[in-house]
Amino acid sequence: MDAPVKSVAPRTQCYQRRRPEQTLWYRTVQTHFETWLALSSGEYNESPPAHVESAFRRYLECGILAHGFAKAHCDECGHDFLIAFSCKGRGVCPSCNTRRMVETAAHLADHVFPRLPVRQWVLSVPKRLRYFLQRDVALQGAVLRIFLREVERCLREHSPGCNAQARIGAVAFIHRFGSSLNEHVHFHCCIVDGLFEPATVDVDGVNFHAATWIDEVAIAKVQAEVRRRVLRTFVRRGLFDKSDAEVMGSWIHGGGFSVNASVCINEKDRAGLERLLRYCARPPFALEHLQQLDAEHLVYHSPKPGLDGTSDLVLTPLELIGKIAALIPPPRSHRHRYYGVLAPNSPMRAAVIAMAPVVVIVPTMPLAAGGEVKPRRASHYLWAMLLARIYEAFPLTCPICQAQMRIIAFINEASDVRKILEHIGESSQPPRIAPARGPPLWELAANFAQAGSDHEWVIVEPEPEIEFDQSVAW
């Protein structure tokens with residue numbers, strides 16, 4: 001006779017505070033950033049851009065309780081939970097990069113894209129053009145506009161019944177990086193697979209004409225037109241000679257230009273659309289792909305193999321920091337752009353986004369007596385809701401009684417932070433940042449990276465050289 005099976009109620013998954021100081025990337029930056037900064041500043045007396053240094057220094061403070069935190073409290077059992085502040089940087093911090101990726105995808109899927117099929121169009125250009133695109137933001141915008149106009153022309157040819165005023169709805173992502181941490185400017189565009197035009201009866205409405213038969217022939221035509229117009233733009237701006245552009249235009253197999261539009265999301269697959277948007281808004285590197293090879297080398301596993309067939313990139317810590325620093329976007333530059341009916345100044349935008357499945361975000365903090373809910377922009381999601389969307393674990397759930405916790409205070413005074421952390425047994429001192437080192441101290445740096453950040457640094461100054469009097473006979 002079979003033994004009775006004991007039914008166990010599923011336990012709610014609890015959120016665990018992240019500890020960035022224990023990750024390999026944090027220890028690498030902690031140990032080698034000052035050395036990389038000193039070496040980079042010494043070459044031609046040109047220091048790295050200010051926003052690059054600021055991004056790394058802010059990352060070294062991200063998630064560290066010693067730099068301040070928020071305090072969450074459970075009214076049922078009295079349990080307290082500390083939430084460290086984040087740096088909100090771009091390009092360096094894996095946690096903040098993931099949050100920005102998820103927030104962007106959630107906003108676009110919930111509030112922007114209507115319940116219509118969405119196709120991803122990807123444009124890649126030759127390496128000779130990427131050098132100019134990497135350093136000229138205006139040129140990036142010009143190439144992107146050419147690409148989107150050609151896609152719009154293609155959709156107009158394959159959307160029966162639309163007129164000349166019909167427009168596309170697109171969100172474009174400019175990627176400045178490749179899968180192997182290389183500088184590679186290319187464009188990912190999520191475009192509604194059809195065209196919109198104003199309705200004839202309802203003034204505020206729109207009519208949608210779905211695109212049909214987007215095959216390889218149509219995509220190849222878009223690629224050829226994009227290549228011709230982009231090369232002509234480079235010649236007009238004085239970046240190329242006309243003869244060089246003619247030679248590049250005659251190259252076979254696209255001449256380094258590549259247009260791909262094979263990914264199309266059905267109008268009912270909203271989860272698939274959000275996954276696609278996360279892929280388009282992804283950061284330049286993934287922390288789980290980084291591993292330690294030995295004391296002086298790291299391995300980054302690329303999801304795509306290189307030209308030699310290998311997918312592992314072996315780097316020294318200084319080389320890794322240099323590659324990540326080159327991929328940090330400049331300040332005040334948009335990571336994604338709206339185009340067509342989704343543009344902010346489009347008269348049809350309100351009618352198009354009204355077709356999107358709007359998700360109501362409920363605030364987690366209870367209101368005080370007589371309080372009012374402050375209006376929140378649709379693009380700003382609550383921190384707790386984002387984490388629940390990523391990890392399927394609500395961070396403000398009490399691990400003791402499973403009740404909902406609430407944030408009661410933000411602690412940023414140094415004295416208060418130190419007292420609270422010492423009381424609960426947490427370290428009240430931030431991790432030590434290793435000073436700049438020269439080649440003789442490389443072994444000391446490796447030992448520091450392996451031992452952690454709890455050791456004191458003792459730098460021994462070299463003894464002064466003794467000058468001998470050459471006139472004295474020895």
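The values are calculated or read from the model by the stated rules, or taken from the named source; none is laboratory data. Everything numeric in this text was worked out from a predicted model, so none of it was measured. Note that each Cβ is placed from the backbone with ideal geometry, even for glycine, and that neighbours are counted across all protein chains shown. The accessibility values were calculated without ligands, DNA or RNA, using every heavy atom of the protein model including side chains. Shrake-Rupley method; radii C 1.70, N 1.55, O 1.52, S 1.80 Å.
Ordering Cys77, Cys96 by accessible surface, largest first, gives Cys77, Cys96; the 1.4 Å probe counts only protein heavy atoms, with every chain in place.
Across all directions of projection, what mean area in square nanometres is found for the Cα convex hull of the range 50-116? For the range 50-116, the mean projected area of the Cα convex hull comes to 7.4 nm². Based on the alpha-carbon gyration tensor of the range 241-362 and its eigenvalue square roots a ≥ b ≥ c, which shape applies: rounded if a/c is under 1.5, prolate if not and a/b is larger than b/c, or oblate? Oblate. Solvent-accessible area assigned to carbon and sulfur over the range 165-306 amounts to 53 percent, based on a 1.4 Å probe.
Under 1.5 on a/c is rounded, so check that first for the range 43-156, then, if it is not, pick prolate when a/b is larger than b/c and oblate when it is not; a ≥ b ≥ c are the square roots of the alpha carbon gyration tensor eigenvalues.
In terms of gyration-tensor shape, oblate.
For the range 105-165 versus the range 392-423, the inter-centroid distance based on Cα atoms is 44 Å. Taking the three principal axes of the alpha carbon atoms in the range 66-223, the coordinate ranges are 64, 49, 26 Å, sorted in descending order.
Each label point was placed 7 Å from the Cα along the Cα-to-Cβ direction; for Ala164 and Lys242 their separation is 3.0 nm.
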